[in-house]
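Only one structure is covered here, and it is reproduced in the block below.
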Amino acid sequence: MDDVRRAGPHTRIIHGGQQADPETGAVSTPIYQSSTFAFTDADQGAARFGGKPGCKYTRLGNPTVAALERNIALLEHGCGALGAASGMAAINTVYLALLEQDAHAVVTDCVYGPTRTVLETEYARFGVQASFVDSSHPDNVARALRPNTKLVFVESPANPTLKLTDIARCADLAHRAGALLAVDNTFASPYLQNPLQLGADVVVHSMTKFINGHTDVVAGMIVAREEHVLERLRAVHVNLGGTMDPHQAWLVLRGIKTLGLRMERAQANARALAYYLQRHADVKWVNYPGLVDHPQHALMKQQMRGPGAIVTFGVRGGLETGRRLINSVELATLAVSLGGIETLIEHPASMTHAGVSAEERRKAGITEDLVRIAVGCEDYEDLEKDLEQALEKASREAAAGV
Ligand SMILES: *Cc1c(COP(=O)(O)O)cnc(C)c1O
């Protein structure tokens, strides 16, 4: 195929940046499980360290990791990508590369817990300031910008409130203020949203979630739109050491092949489950960007190709009944994380977002009764049946006070 960039989304996922192994013709990229690579002579070693292409040392680059980096860079329309040991390793590289002493960042208030905590606790020790704002209203981002703002960091859809941020607007605001925009695209995955095409400078992924999709790897990725930003990120990343391991990269290469198929199915399940929960008498509220009453349903249609596979809801009876519900599911698994083929259910206020203070959680809209369901690829009827029995059991127990 001449240019896989112009192919359809599934073809791009399967073939983007991939080629048969030049040595052996292996169709699946081999795991180059080697920490170092031999040079033919002193001149070749010196040339490679001087910037000529070629393998040197796995922390600086590895052929298996590079195959995955090419794939994600193509899917996200970036100039290149950097594999990371985890989503947080990717985010820390972005912070360390793009912030400096006394610099300021504007960040979505309801980001993934550690994305916020690390700024408040660790980067603050070095004089980095951060304003956490409800970025679903771009005016809040505009108001928070300061002369020393170097980075605007948004997560859209955000975890776990599923608030959306207008990426094009934020890119414009950041650029006018002389800052860069980074977007955590984990919840949408490159199949549903491409922030670099909307003007963002950097995209980060926790590939632990939808991209790998099989609940067996922790991994991250950074993608940049422009070469000079990528090179700045690379310089920090390879020295910081949170780089990706070749075996990890191979597992993600295997998982990502079905990203489109999994996303379509999980999203169809999530949509049906959101409608079901909305109609259920024991459910107080349902939040899903695919519902027309979601506050940013129009923005979802504008900047995403679908609403994704995460649904949040609150049951009547609040926190206590919610706890009974997550203790009563049988098919869904009570666990944090998301984006796997199996359905996971959790309670953010006591689990993923327990590290955020109660006051900050309230301000960010992470209510005590919020239950998050990361919908998987099971048969829809089985998922509905499971929630039906769990809701019934929870309300029966609540009424009996057991
Ligand atoms: C899980 C997650 C992260 C962190 O990724 P790890 O791979 O666990 O380090 C960051 N952002 C979002 C939105 C996530 O869901």
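Taking into account only those residues within region 268-288 that are in a helix (DSSP H, G or I) and of a type in the set (Gly, Ala, Ser), which is most open to solvent (accessible area, probe 1.4 Å)?
Only one residue fits best here, namely Ala268.
In region 220-260, what residues are aliphatic (A, V, I, L, M) and more than 16 Å from the ligand (Cβ to nearest atom)?
Once the filter is applied, which keeps residues that are aliphatic (A, V, I, L, M) and more than 16 Å from the ligand (Cβ to nearest atom), region 220-260 yields Ala224, Val229, Leu230, Leu233, Ala235, Val236, Val238, Leu253.
Closer than 30 Å to Arg59 by Cα, modelled with pLDDT of 95 or more and among the acidic types (Asp, Glu) - does that describe any residue in region 127-139?
Going residue by residue through region 127-139, those that are closer than 30 Å to Arg59 by Cα are 127-128.
Narrowing further to those that are modelled with pLDDT of 95 or more: 127-128.
Now restrict to residues that are among the acidic types (Asp, Glu): none.
So far as region 127-139 goes, no, none of its residues is closer than 30 Å to Arg59 by Cα, modelled with pLDDT of 95 or more and among the acidic types (Asp, Glu).
Would you mind stating whether Val371 is touching an Asp or Glu at 6+ places or on another chain (Cβ under 9 Å), open to solvent by less than 60 Å² (accessible area, probe 1.4 Å) and more than 20 Å from Val111 (Cβ to Cβ)? Can you show your working first?
Values: touching an Asp or Glu at 6+ places or on another chain (Cβ under 9 Å): yes; open to solvent by less than 60 Å² (accessible area, probe 1.4 Å): yes; more than 20 Å from Val111 (Cβ to Cβ): no.
For Val371, the condition - touching an Asp or Glu at 6+ places or on another chain (Cβ under 9 Å), open to solvent by less than 60 Å² (accessible area, probe 1.4 Å) and more than 20 Å from Val111 (Cβ to Cβ) - is not met.
Under 8 Å between Cβ atoms, which residue pairs at least 6 apart in sequence (or on different chains) link something in region 153-164 that is within 15 Å of Thr352 (Cα to Cα) and open to solvent by less than 10 Å² (accessible area, probe 1.4 Å) with a partner that is hydrophobic (A, V, I, L, M, F, W, C) and within 9 Å of the ligand (Cβ to nearest atom)?
Close Cβ pairs satisfying both conditions: Ala158/Val111; Ala158/Phe187; Asn159/Val111; Asn159/Phe187; Leu162/Phe187.
When you go through (1) within 16 Å of the ligand (Cβ to nearest atom); (2) small (Gly, Ala, Ser); (3) surrounded by 22 or more Cβ atoms within 10 Å (Cβ to Cβ) one by one for Gly365, which number turns out not to apply?
Here Gly365 clears every test but (3).
Let me confirm something: among Gly355, Gly308, which residue is on the phi > 0 side of the Ramachandran plot and either within 16 Å of the ligand (Cβ to nearest atom) or open to solvent by 30 Å² or more (accessible area, probe 1.4 Å) (or both)? Give the derivation first.
Values: Gly355 fails: on the phi > 0 side of the Ramachandran plot.
Of Gly355, Gly308, the one residue that is on the phi > 0 side of the Ramachandran plot and either within 16 Å of the ligand (Cβ to nearest atom) or open to solvent by 30 Å² or more (accessible area, probe 1.4 Å) (or both) is Gly308.
Of the residues Glu346, Glu342, which is open to solvent by less than 10 Å² (accessible area, probe 1.4 Å) and at pLDDT 90 or above? Working first, answer last.
On the way: Glu342 fails: open to solvent by less than 10 Å² (accessible area, probe 1.4 Å).
Answer to the selection: Glu346.
Which residue out of Leu180, Leu173, Leu151, Leu196 is of a type outside the set (Val, Ile, Thr) and either assigned by TED's automatic domain parsing to the domain that holds Gly376 or within 16 Å of the ligand (Cβ to nearest atom) (or both)?
Leu151
Give me the residue from region 213-254 that is of a type in the set (D, E, K, R) and part of a helix (DSSP H, G or I) and, out of that set, most open to solvent (accessible area, probe 1.4 Å).
Out of the qualifying residues, it is Arg254.
Mind checking which helices (runs of 4 or more DSSP H) fall wholly inside region 21-135 and carry at least 1 residues that are away from the ligand (no atom under 16 Å from the Cβ) and open to solvent by 70 Å² or more (accessible area, probe 1.4 Å)?
Passing ranges, in order: 42-49, 63-75.
Looking at Phe187, Phe210, which one is touching a strand residue (DSSP E or B) at 6+ places or on another chain (Cβ under 8 Å) and either within 14 Å of the ligand (Cβ to nearest atom) or among the polar types (S, T, N, Q) (or both)?
Details: Phe210 fails: touching a strand residue (DSSP E or B) at 6+ places or on another chain (Cβ under 8 Å).
Being touching a strand residue (DSSP E or B) at 6+ places or on another chain (Cβ under 8 Å) and either within 14 Å of the ligand (Cβ to nearest atom) or among the polar types (S, T, N, Q) (or both) holds for just one of Phe187, Phe210, which is Phe187.
Filter region 3-20 down to residues that are without any contact (Cβ under 8 Å) to a residue 12 or more places away in the chain and assigned to a helix (DSSP H, G or I) and give me whichever is surrounded by the fewest Cβ atoms within 10 Å (Cβ to Cβ).
Applying the filter and picking the extreme gives Arg6.
The values are calculated or read from the model by the stated rules, or taken from the named source; none is laboratory data. Note that the structure is predicted; figures quoted are calculated from it, not measured. As a convention, Cβ positions derive from the backbone with ideal geometry for all residues, glycine included, and neighbour counts pool all protein chains shown. All accessible areas refer to the heavy atoms of the entire protein, side chains included, with ligands and DNA or RNA removed. Shrake-Rupley method; radii C 1.70, N 1.55, O 1.52, S 1.80 Å.
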